[in-house]
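Take a look at the structure set out below.
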Amino acid sequence: GAAVLRFLGPLLCLWALRLPAGTGAAARGLDVASYRERVRAMFYHAYEHYLESAFPYDELRPLTCDGQDTWGSFSLTLIDALDTLLILGNVSEFQRVVNVLQEGVDFDIDVNASVFETNIRVVGGLLSAHLLSRKAGVEVEAGWPCSGPLLRMAEEAARKLLPAFQTPTGMPYGTVNLLHGVNPGETPVTCTAGIGTFVVEFATLSHLTGDPVFEDVARKALKALWKNRSDIGLVGNHIDVITAKWVAQDAGIGAGVDSYFEYLVKGAILLQDKELMSMFLEYNKAIKNYTKFDDWYLWVQMYKGTVSMPVFQSLEAYWPGLQSLIGDVDNAMRTFLNYYTVWKQFGGLPEFYNIPQGYTVDKREGYPLRPELIESAMYLYRATRDPTLLELGRDAVESIEKISKVDCGFATIKDLRDHRLDNRMESFFLAETVKYLYLLFDPDNFIHNDGSDFDVVVTPYGECVLNAGGYIFNTEAHPIDPAALHCCRKRKEEQWEVEDLMREFYSRKKTKKFTLKRAPDHAEGQNAKDLEAASSEKAGEKRNSKKSSHSLLSCPSQSFNSKLAVLGQVFLDNT
């Protein structure tokens, strides 16, 4: 409870810790700079062949050097790779792609799209690029980050997903037609992750645009899953979103469930929300009690807790990284080392691995260049600087280059036993796998900022600090700057302070002189709205007479009462 919450504030930048030089890589003689450049070369080998052979299709087919649409005809790889370009330092290509996307991407199309995938890849990718635009040298419009073309695109895409949430339970359908909404006869069965993986993107949208509908539907879906957990505290794999009956009752941390748990933690940190964190901590207890065996996590029956599948899935490899975010680094490292042994056995993580037999599961022998184990290594290396984590990065570079690299990019590994390839390069390879590898080998990247460097921007709502670090990665590795969520609206306590200061001003204006200074014209309309919003609070609403203390979860905000803008004027106390 309170003891755990007390350290959540510092966890925002847990992985941005900077330890003394000379630890880690030097201890094992690994040339970090060399591997960083090899990762950069991997990115451009894949990215340039996508542009040459596959654009404007969603994905590259690397064996035939052509393209295919997979998730909805959005030029998906371009959206997914956009923030990776900036992390690699390529501002000119970032700027070019922003223009290409504005001109070429249309969401008003007759396409059946995955609600989950469209959110994490398209909405998440556009939001991240929007918030990084100024850093990338894009000429942003007045009012940024509360407005901008990429933000409008993200909002348009998200609105196309909203019909999926119109169910009796608030849990969304898995598929929506972007032109017509939910198709008649659409299956009501959705996986748990497909219900609980919206709060990071949708809350960010609500905070930036001022429209609460996105955060509201995301929270309602999260709480519906929580309400329908079993008596022993577990959730299953698939549920009927109309009746709330569990269709697949296997409980675990992997496929079909994974990012629900991830978003409870990341949503708690991003929104400074104790309720979301307490929900995760309750789940974590049940997961440890029923699914954890010798630092492996099995699949169990959600009502009885009996083992149903003694397998490790490659998608579960995100878990050590998530454990590091709540400060459970020792357990995270033990589980990570288990997973690393599987990587070393095959040169990648098979989709399913039978733990008792120590081998792959039939028809689940492939490795589609997933990022999850590398993601966990990146988080854990920020927290520990253990050189073993860099060795995983080294092994990943060597394996992917040796097994997966072809003339036109990098191909999915169909079977890790004989290294047969499949004609697909998923967009997450450039969005996540390469990005986490690069960040593992680039300790000075701006993403790892510890708060010592930041930008101050002026918005219609006042000054705003951005790019100070503590980025929250969505489940497609698109970084969201948590500070941005505080740029585009006033907190209620600030509104109360406005009212108190205004009352004081009007009661004292005959006895005390004030100087009046004209505010910028663009602020006038908004300030009038702010005053109206503040003065329309219910008369009976209680206000704290003492200055409100900050939540243990919240970052202290700059003092507000030094300057007050209202009705187009700024009042400065003449003292």
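The values are calculated or read from the model by the stated rules, or taken from the named source; none is laboratory data. Because the structure is predicted, anything quoted here is derived from the model rather than measured. Because the Cβ atoms are built from the backbone with ideal geometry, glycine has one as well, and the counts that use them run over all protein chains shown. The area values use the complete protein model at the heavy-atom level, side chains included, leaving out ligands, DNA and RNA. Shrake-Rupley method; radii C 1.70, N 1.55, O 1.52, S 1.80 Å.
Below is a table of values for the structure above.
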read-out	value
Residues that are surrounded by 24 or more Cβ atoms within 10 Å (Cβ to Cβ), closer than 16 Å to ASN331 by Cβ and in contact (Cβ under 8 Å) with a residue 60 or more places away in the chain, drawn from segment 376-387	ALA377, TYR379, LEU380
Evaluation of ALA431 against (1) under 14 Å from ILE374 (Cβ atoms); (2) in contact with a Leu (Cβ under 7 Å, 6 or more places away or on another chain); (3) of a type in the set (Gly, Ala, Ser); (4) touching a residue at least 60 places away in the same chain (Cβ under 8 Å) (one fails), failing number	(2)
Residue in segment 319-350 that is surrounded by the most Cβ atoms within 10 Å (Cβ to Cβ), counting only those that are of a type outside the set (Asp, Glu), under 21 Å from the mean Cα position of the chain (by Cα) and outside any helix (DSSP H, G or I)	ILE326
Selection from segment 296-318 of residues that are assigned to a loop (DSSP other than H, G, I, E, B) and either among the charged types (D, E, K, R) or touching a helix residue (DSSP H, G or I) at 6+ places or on another chain (Cβ under 8 Å) (or both)	LYS304, GLY305
Residue count, segment 76-91 (criterion: free of Cβ contacts under 8 Å to residues at least 40 places away in the same chain and open to solvent by 10 Å² or more (accessible area, probe 1.4 Å))	2
In segment 264-307, the residues that are open to solvent by 10 Å² or more (accessible area, probe 1.4 Å) and either among the hydrophobic types (A, V, I, L, M, F, W, C) or under 19 Å from the mean Cα position of the chain (by Cα) (or both)	LEU271, GLN272, ASP273, LYS274, GLU275, LEU281, PHE293, TRP296, LEU298, VAL307
Candidates LEU101, LEU63, filtered to the one that is over 20 Å from the mean Cα position of the chain (by Cα) and open to solvent by 10 Å² or more (accessible area, probe 1.4 Å)	LEU63
Test: residue in segment 361-375 that is crowded, with 23+ Cβ neighbours inside 10 Å and out of contact with any Ser or Thr (no Cβ under 8 Å at 6 or more places or on another chain)	yes
Filtered residues of segment 151-188 (kept if under 21 Å from VAL111 (Cβ atoms) and aliphatic (A, V, I, L, M))	MET153, ALA154, ALA157, ALA158, LEU161, LEU162, ALA164, VAL176, LEU178, LEU179, VAL182
Qualifying residues in segment 206-247 (those that are of a type in the set (S, T, N, Q) and surrounded by 15 or more Cβ atoms within 10 Å (Cβ to Cβ)) - the one farthest from PHE280 (Cα to Cα)	THR209
Yes/no for ASP106 being within 22 Å of GLU201 (Cβ to Cβ) and surrounded by fewer than 20 Cβ atoms within 10 Å (Cβ to Cβ)	yes
